[in-house]
1. What are the pairs, 6+ residues apart or on separate chains, where a residue within the stretch 243-259 that is among the basic types (K, R) has its Cβ under 7 Å from a residue that is open to solvent by 30 Å² or more (accessible area, probe 1.4 Å)?
2. Anything in the stretch 58-73 that is crowded, with 16+ Cβ neighbours inside 10 Å and free of Cβ contacts under 8 Å to residues at least 40 places away in the same chain? List them, or say none.
3. Condition first: open to solvent by 30 Å² or more (accessible area, probe 1.4 Å) and of a type in the set (D, E, K, R). Can you find one or more residues in the stretch 221-231 that meet it?
4. So which residues in the stretch 279-295 are open to solvent by 30 Å² or more (accessible area, probe 1.4 Å) and either part of a helix (DSSP H, G or I) or at positive phi (or both)?
5. In the stretch 178-190, is there at least one residue being within 14 Å of ligand 2 (Cβ to nearest atom) and not basic (K, R)?
6. Out of all the residues in the stretch 129-146, which are more than 26 Å from L213 (Cα to Cα) and either within 7 Å of ligand 2 (Cβ to nearest atom) or in contact with an Asp or Glu (Cβ under 9 Å, 6 or more places away or on another chain) (or both)?
7. Scanning for something at pLDDT 95 or above and within 16 Å of ligand 2 (Cβ to nearest atom), does the stretch 18-28 turn up at least one residue?
8. Which of the residues that make up the stretch 205-220 are open to solvent by less than 30 Å² (accessible area, probe 1.4 Å) and assigned to a loop (DSSP other than H, G, I, E, B)?
Amino acid sequence: MKPFTYVRPTSLREAAAAHARHPGSRYLGGGTNLVDLMKRDVETPDTLIDLTRLPLHAIEELPTGALRVQAAVPNTDLAAHPLVRTRYPALSQALLAGASGQLRNIATTGGNLLQRTRCPYFQDPSKPCNKREPGTGCSARDGVHRDHAVLGQSDHCIATHPSDMAVALAALDATIELYDAEHGTRQVAATAFHRLPGDHPEQDTVIRPGEILTAVLLPPAAPAAASLYRKARDRASYAFALASVAAVLELRDGRVHHLALAFGGLAHRPWRATTAEARLTGARPTERALREAVDAELAAARPLRDNAFKVDLARNLAHDALTTLIRTTTGDPPPTPRRP
Ligand SMILES: Cc1cc2nc3c(=O)[nH]c(=O)nc-3n(C[C@H](O)[C@H](O)[C@H](O)COP(=O)(O)OP(=O)(O)OC[C@H]3O[C@@H](n4cnc5c(N)ncnc54)[C@H](O)[C@@H]3O)c2cc1C
Ligand code: SF4
């Protein structure tokens with residue numbers, strides 16, 4: 001590992017100033033992703049700016065009923081928070097579906113959203129990779145790409161975004177709060193925070209150099225809405241999603257009043273299923289309507305040689321999630337879970 005300097009600021013202003021003084025620096029949350037990448041020489045910062053002493057550890061309910069989660073809140077604490085479990089079950093379930101208990105104790109809200117792809121070529125500096133070193137090529141396209149993207153990929157990169165939490169936040173219409181010394185605080189919709197790869201796969205998100213992710217804002221949850229997160233993976237735990245789905249549903253008078261559906265594991269960012277949502281909003285959620293809406297969304301998929309199975313996986317996950325939510329909302333017994 002390349003030697004680096006370590007600094008421990010105690011305020012946002014100090015942290016931003018430290019970054020301005022050391023352009024080759026990185027912020028450090030729990031370190032569970034960044035330090036791994038440093039050990040492999042994928043990340044080689046001159047300076048680590050540890051954010052864990054900043055006053056960013058609170059989860060607070062705002063007078064509007066919204067929830068503000070600060071960036072250093074550990075994944076474990078967020079998943080277990082009573083208001084998260086009762087009002088935003090999809091978020092709690094997504095967090096608990098990620099990593100392991102020990103990792104979740106250390107991993108932070110900010111670091112989870114800013115973790116890097118698990119594409120094996122990105123993690124191996126001996127292999128060409130446009131995300132790690134722009135202009136060198138994409139080893140995965142003709143290589144091992146079973147876990148890679150089927151939606152929104154580009155000629156330059158087919159990586160997927162790994163965070164389960166980010167998928168739930170996309171469906172919950174959360175907002176990400178960012179800070180830098182020059183511009184102060186700005187807010188970005190969770191659905192616009194992560195990027196598709198396009199010509200610049202090296203940029204995972206719209207965060208600007210030196211910006212600090214300070215908080216996530218969850219809008220007030222509609223009392224009649226239900227939400228859930230489903231994840232399919234190679235092992236029962238400790239594995240990233242092959243495909244996952246977060247869904248928020250509110251029915252009124254037997255019709256879909258509000259639906260938010262987001263897929264994980266399929267694209268370079270959480271994939272908000274706007275085509276399916278538009279088809280179902282205002283409609284009666286019949287078996288046929290659900291299937292047609294999800295199929296219409298996934299018609300945009302362009303699988304590669306080895307990952308077409310992800311489209312079927314996502315289709316089944318979405319169908320099961322929506323059916324379960326409908327039955328939960330109407331009080332009917334949930335369907336017998338199918339193996340994805
Ligand atoms: C074996 C293993 C399995 C895993 N499985 C899953 C899984 O199934 N699902 C899942 O979602 N995750 C999984 N993870 C990922 C894990 O959740 C992340 O490593 C973790 O969330 C990263 O959080 P951190 O605080 O440790 O981030 P760090 O490693 O500290 O930072 C990650 C990145 O974020 C930046 N950063 C951190 N905080 C801020 C901030 N506030 N502002 C600006 N930049 C910041 C850092 O500079 C770095 O670039 C797994 C990890 C491991 C090691
Ligand atoms: S898929 Fe993206 S991250 Fe993986 S090798 Fe290609 S460019 Fe790199």
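1. Pairs found: R255/G282; R255/R284.
2. Quick first cut of the stretch 58-73, residues crowded, with 16+ Cβ neighbours inside 10 Å only: 59, 67-73.
Answer for the stretch 58-73, where residues must be crowded, with 16+ Cβ neighbours inside 10 Å and free of Cβ contacts under 8 Å to residues at least 40 places away in the same chain: I59, V73.
3. Step one: list which residues in the stretch 221-231 are open to solvent by 30 Å² or more (accessible area, probe 1.4 Å), which gives 221-225, 230-231.
Right, trim to of a type in the set (D, E, K, R) and you get 230-231.
Yes; the residues of the stretch 221-231 include at least one that is open to solvent by 30 Å² or more (accessible area, probe 1.4 Å) and of a type in the set (D, E, K, R).
4. R279, G282, E287, R288, R291, E292, D295
5. Our first condition is that a residue be within 14 Å of ligand 2 (Cβ to nearest atom); within the stretch 178-190, this holds for none.
Checked against the condition, which is being within 14 Å of ligand 2 (Cβ to nearest atom) and not basic (K, R), the stretch 178-190 yields no hits at all.
6. So in the stretch 129-146, the residues more than 26 Å from L213 (Cα to Cα) come out as 129, 135-146.
Once the filter is applied, which keeps residues that are more than 26 Å from L213 (Cα to Cα) and either within 7 Å of ligand 2 (Cβ to nearest atom) or in contact with an Asp or Glu (Cβ under 9 Å, 6 or more places away or on another chain) (or both), the stretch 129-146 yields C129, C138, S139, A140, R141, V144, H145, R146.
7. no
8. Passing the criteria: G210, E211.
The values are calculated or read from the model by the stated rules, or taken from the named source; none is laboratory data. All figures in this text were calculated on a predicted structure; none of them were measured in a lab. Virtual Cβ from ideal backbone geometry, glycine too; neighbours counted across all protein chains shown. With ligands, DNA and RNA removed, areas are computed over all heavy atoms of the protein, side chains included. Shrake-Rupley method; radii C 1.70, N 1.55, O 1.52, S 1.80 Å.
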